[in-house]
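Structure, as structure tokens:
The values are calculated or read from the model by the stated rules, or taken from the named source; none is laboratory data. Everything numeric in this text was worked out from a predicted model, so none of it was measured. As a convention, Cβ positions derive from the backbone with ideal geometry for all residues, glycine included, and neighbour counts pool all protein chains shown.
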Amino acid sequence: MPERELTFAQAVREALAEEMRHDPRVCIFGEDVAEAGTPFKVLSGLVEEFGPERLIDTPISEAGFTGIAVGAAMTGLRPVVDIMFGDFVTLAMDQMVNQAAKIHYMSGGHWRVPMVLRTTLGATRRSAAQHSQSLHAWFSHIPGLKVVLPSTPYDAKGLLKAAIRDENPVVFFEDKMMYKLKGPVPAEDYAIPLGVAEVKRSGDDITLVATSSMVQVALGAANLLEKQSISAEVIDPRTTWPLDEAAILASAKKTSRVIVLDEGYGRYGVASEIAAVIAEGAFYDLDAPVKRMGAMQVPIPFSPPLEDATVPTEETVCAAARAMCKHQL
Amino acid sequence: MAFSVVMPALEMAQESGKLIAWRKKEGDRVAKGEPLLEIETDKAVVELEAPADGLLVGIKAAAGADVPVGQTIAWIVVPGETPPLESAPSTATAPRASHPEAKPAPTPAHDASGPALPSRVKISPKARRLAKELKVDIAAVRGSGPEGEILASDIEASAAVDRPASKVRNLELPGSVGRVMAERTTQSWTTVPHFFVSREIDAAALQDYRNRIAAAMEPSDAGAALTKMVRITHTDLLVALVAHVLLRHPRLNASWSAEGIRIHDHVNMGIAIAVNDGVVAAVIPNAHSATLAQIASRRVELTERAFAGKLRPADISDATFTISNLGMYHVDQFSALIAPPQAAVLAVGAIADRVVAINGWPAVRPRMTLTLSCDHRVADGARAALFLNDLAEAVRQPGKSLG
């Protein structure tokens, strides 16, 4: 039997549907989540199966419905909040940073907040500066939150199920440009533990640590590099917290050269943190400075050619990797 | 005023010099005329003297480095003074050997904006660690990185060149047998006054005798099938024959000692056995009274243990005489080293057909050459000759001694 393939969006929907079937406490809050199935059609069909009691369309009020979810999680539900564009998390920051992340600690373990905040990231959709950012670094910075960045349909399903089952608040970022990406997804129930990186491609000369859709960019770059006799390893941390430092360091020590790819802003970003982990843990095995590649330090432009220039591509990653491995050519 | 120390041109066509060693360290006080460093040219190693009094600072080349002629490799300054920038024109006097046509020091690009102290080599952390581990002098390594930095592969390549494979690969460390062999043979050759006596003898009877025994021991014999079958070799026959003859030649079955010559009343026969690591002499005790079968089975036992490296101390001690047989290697004749405190060793060559004169006519006979090495403190040439004479006779008629 051929392997079953789903799009990234279908994989997310299947994870939600399976968890909602399996656990009546799982419910969804957000804008246009029920009838509309979100603008990206990720949730299409769910309201037909589970009804408007479990998929609640909210007013445009991110702080409000995120707060409702925090309270619902504290009192026994397992809500999944949908924040349409990742840029809008700014409105929900107090609920996530000051409430969700702190309650278990400040209540001395009496309260738990087993909620998931699903949202999007990623540029090149021509959505302009307020709808194109990748703000996952903000959450990765906060103790008490877990942050998940799936890069394939398979990982999306397995990681989302693990996130829903987790007893802590988890922020789950989906790159809106990957929703149509197809890949094998088993029909059965499986969860991928949070905090376990995966080597997406094995190589010897250089390591590309990449998150979310940058994993796809890295894999494309690795193919280009292979044609030039440079063997690139692609490693996907899958979660920025918990971070699988051991797997990243093992790869860095193996190849001695690392580029970290993350679509967030480079300055004080996820790529910087991972680069620092490598500098601390693999310094004496590095043969070149660790390089970060991410979104350009500008508001993301609406102009398509300008927007495209702000994010790493297979070609720019390939060129950077070539420069680092120059002596080998 | 700072004085520069530059790589001098010591020969007409010299382009660079190899820095062999610094006689002074960074920060050392030096006096004018004191030896500062050693330099190797194509023809010689020369000492370079300090051009001035002061402190040696800003050493830019390490031992082993190949430095272009005219390049500044260090400075001599007065205490408190810092050496000038690398790009500043040198106002210093050149050392005595400086050549007027010496090229100006090439200025590396990355040094142009910085002070020359201390020299900064661009090198990756991994390369620096490897250099330390592989003991590679980074000053002598050329970087191949994108901006000329030294990379791990440069260090590995340099380490491979510094340690030619031949040096390491051809060094073999002897095992315990090899070490003992080295000690004993040295002791023997340097303390025992050896002399050698050779004799070619007829081996036809020896061969016949061995063939007869072999036939008699065919496995058709029910009794032999029950006991462990052991093939009798020429060595076994020689052990028995030599043991019998030795009883009549006590000076060859003896030991030199400070008190005098010790005569042994029994023959413990050593047999040289070649093993992987060298040679060992295993002992057949009381060979003069042992049967051929006893000798052969003891020999087989010893050989097995020798190859397995499991000889016991008793297996190799108290020999009174040794036989070394290289016949199986088709050696015609050789002389062996005595194993003290024994007085003699018999070197046995291969049995081979030779043309010899018999009753005035040429005939083809199987012959073998025996060479006796003797300790001249114990036996002289005449005694050795008489022994070989009797031995030749015994070999000619093995049945007489062995029955």
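Listed values, structure above:
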{"read-out": "Any hit, segment A:211-220, residues being surrounded by fewer than 22 Cβ atoms within 10 Å (Cβ to Cβ) and touching a residue at least 24 places away in the same chain (Cβ under 8 Å)", "value": "yes"}
{"read-out": "Selection within segment A:234-258 - more than 14 Å from chain B (Cβ to nearest Cβ), in contact with a strand residue (DSSP E or B) (Cβ under 8 Å, 6 or more places away or on another chain) and either under 30 Å from A:VAL116 (Cα atoms) or buried (at least 24 other Cβ atoms within 10 Å of the Cβ) (or both)", "value": "A:VAL234, A:ILE235, A:ASP236, A:PRO237, A:ARG238, A:THR239, A:THR240, A:TRP241, A:PRO242, A:ALA247, A:ILE248"}
{"read-out": "Subset of segment B:34-59 (residues that are at pLDDT below 85 and either touching a Pro at 6+ places or on another chain (Cβ under 9 Å) or surrounded by fewer than 15 Cβ atoms within 10 Å (Cβ to Cβ) (or both))", "value": "B:ILE39, B:ASP42, B:LYS43, B:ALA44, B:VAL45, B:VAL46, B:GLU47, B:LEU48, B:GLU49, B:PRO51"}
{"read-out": "Filtered residues of segment A:219-242 (kept if closer than 21 Å to A:ALA9 by Cα and part of a helix (DSSP H, G or I))", "value": "A:LEU219"}
{"read-out": "Pick from segment B:382-403, criterion out of contact with any Asp or Glu (no Cβ under 9 Å at 6 or more places or on another chain) and not hydrophobic (A, V, I, L, M, F, W, C), ranking: surrounded by the most Cβ atoms within 10 Å (Cβ to Cβ)", "value": "B:ARG383"}
{"read-out": "Looking only at segment A:313-329, and only at residues there that are part of a helix (DSSP H, G or I) and either within 23 Å of the chain's Cα centre (by Cα) or of a type in the set (Val, Ile, Thr) (or both), the one that is surrounded by the fewest Cβ atoms within 10 Å (Cβ to Cβ)", "value": "A:GLU315"}
{"read-out": "Unique residue being more than 28 Å from A:SER132 (Cα to Cα) and either buried (at least 24 other Cβ atoms within 10 Å of the Cβ) or not assigned by TED's automatic domain parsing to the domain that holds A:VAL147 (or both) when the list is A:SER272, A:SER229", "value": "A:SER229"}
{"read-out": "In segment A:41-53, the residues that are in a loop (DSSP other than H, G, I, E, B) and surrounded by fewer than 19 Cβ atoms within 10 Å (Cβ to Cβ)", "value": "A:LYS41, A:SER44, A:GLY45, A:GLY51, A:PRO52, A:GLU53"}
{"read-out": "Any hit, segment A:93-105, residues being of a type in the set (Lys, Arg) and touching a residue at least 60 places away in the same chain (Cβ under 8 Å)", "value": "no"}
{"read-out": "Filter result (touching a residue at least 24 places away in the same chain (Cβ under 8 Å), within 14 Å of chain B (Cβ to nearest Cβ) and assigned to a helix (DSSP H, G or I)) within segment A:270-312", "value": "A:ILE278, A:GLY281, A:ALA282, A:ASP285"}
{"read-out": "Residue within segment A:185-197 that is outside any loop (DSSP other than H, G, I, E, B) and within 24 Å of A:ARG125 (Cβ to Cβ) present", "value": "no"}
{"read-out": "Residue in segment A:213-226 that is within 14 Å of chain B (Cβ to nearest Cβ) and under 16 Å from A:GLY203 (Cα atoms) present", "value": "no"}
{"read-out": "Strands (runs of 3 or more DSSP E) within segment A:57-168 that include 1 or more residues surrounded by fewer than 24 Cβ atoms within 10 Å (Cβ to Cβ)", "value": "A:78-83, A:146-148"}
{"read-out": "Out of B:ALA336, B:ALA394, B:ALA382, B:ALA347, sole residue that is assigned by TED's automatic domain parsing to the domain that holds B:PHE195 and within 14 Å of B:GLU200 (Cβ to Cβ)", "value": "B:ALA347"}
{"read-out": "Test result for A:ASP262, crowded, with 23+ Cβ neighbours inside 10 Å, among the acidic types (Asp, Glu) and either within 14 Å of chain B (Cβ to nearest Cβ) or more than 22 Å from A:GLY122 (Cβ to Cβ) (or both)", "value": "no"}
{"read-out": "Given (1) under 21 Å from A:ASP87 (Cα atoms); (2) touching a residue at least 40 places away in the same chain (Cβ under 8 Å); (3) charged (D, E, K, R), index of the condition A:ARG267 fails", "value": "(2)"}
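Listed here are the residues, each with its yes/no results for (1) within 9 Å of chain A (Cβ to nearest Cβ); (2) under 30 Å from B:GLU81 (Cα atoms); (3) out of contact with any helix residue (DSSP H, G or I) (no Cβ under 8 Å at 6 or more places or on another chain); (4) loosely packed, with under 15 Cβ neighbours inside 10 Å.
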{"position": "B:ILE123", "(1), (2), (3), (4)": "no, yes, no, no"}
{"position": "B:LYS126", "(1), (2), (3), (4)": "yes, no, no, no"}
{"position": "B:ARG129", "(1), (2), (3), (4)": "yes, no, no, no"}
{"position": "B:ASP137", "(1), (2), (3), (4)": "no, yes, no, no"}
{"position": "B:ALA140", "(1), (2), (3), (4)": "no, yes, no, no"}
{"position": "B:PRO146", "(1), (2), (3), (4)": "yes, no, no, yes"}
{"position": "B:LEU151", "(1), (2), (3), (4)": "yes, no, no, no"}
{"position": "B:ASP154", "(1), (2), (3), (4)": "yes, no, no, no"}
{"position": "B:ALA160", "(1), (2), (3), (4)": "no, no, yes, yes"}
